[in-house]
1. Of the lysine pairs in the stretch 29-106, how many meet both conditions: Cα atoms under 16 Å apart, and a spacing of 8 or more in sequence or different chains?
2. Which chymotrypsin sites (Phe, Trp or Tyr not before Pro) in the stretch 69-109 pass both tests, a DSSP loop state and at most 15 other beta-carbon atoms within 10 Å?
3. Going by how many other Cβ atoms sit within 10 Å of their own, how do Ser7, Ser61 line up, fewest first?
4. May I ask you to compute the full-extension gain from Ala48 to Asn66, defined as 0.36 nm times their residue separation minus their alpha-carbon distance, rounded to one decimal in nm?
5. Could you tell me which trypsin sites (Lys or Arg not before Pro) in the stretch 49-109 are loop residues by DSSP with no more than 13 other beta carbons within 10 angstrom of their beta carbon?
Amino acid sequence: MKKLILSICLIVLSNMLFAGNGNSDAEKNSTKLISGKVIDKSSGEEIAGAAIKIGDQVFYSDLNGNFSANVTVTKTEAEAAVSFISYQEAKVNINPFSYSPLVIELVQQ
């Protein structure tokens, strides 16, 4: 009987020692789908081919100004830099907890 109780205690203690605390690197770095539209601020027209840079990755808007990308989010906020020829670069903060699409307005130079 003592051996049985001792072996159960040993199993429970060894499981507690090797159990993780849940803060692994895989949980800290999660991917998020970021989507939105790039438009001209004055006319409201869509801008095709605008470059959206998030971290080390660069994405481009399609013919309707829409873009979507899976981005690795490591912080509580990320920043996107959006640029296109003859427009001023726009910087936008991305909230990884928001699911609404971004609307990025570019101003002509």
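Read the figures in this text as sums done on the coordinates, not as results from a lab. Computed from a prediction, not measured in an experiment: that's the story for all the values here. With ideal geometry, Cβ positions are generated from the backbone for all residues, glycine too; neighbour counts draw on all protein chains shown.
1. On the way: Lys32/Lys53; Lys32/Lys75; Lys37/Lys53; Lys37/Lys91; Lys41/Lys91; Lys53/Lys91.
Total qualifying Lys-Lys pairs in the stretch 29-106 comes to 6.
2. Those satisfying the criteria are Phe97, Tyr99.
3. Values: Ser7 10, Ser61 23.
With the fewest neighbours first, Ser7, Ser61 line up as Ser7, Ser61.
4. Details: separation 18, 0.36 × 18 = 6.48 nm, distance 0.79 nm.
Length gained, Ala48 through Asn66: 5.7 nm.
5. On the way: sites: Lys53, Lys75, Lys91; in loops: Lys75.
Here the trypsin sites (Lys or Arg not before Pro) that fit, given the DSSP loop and packing criteria, are Lys75.
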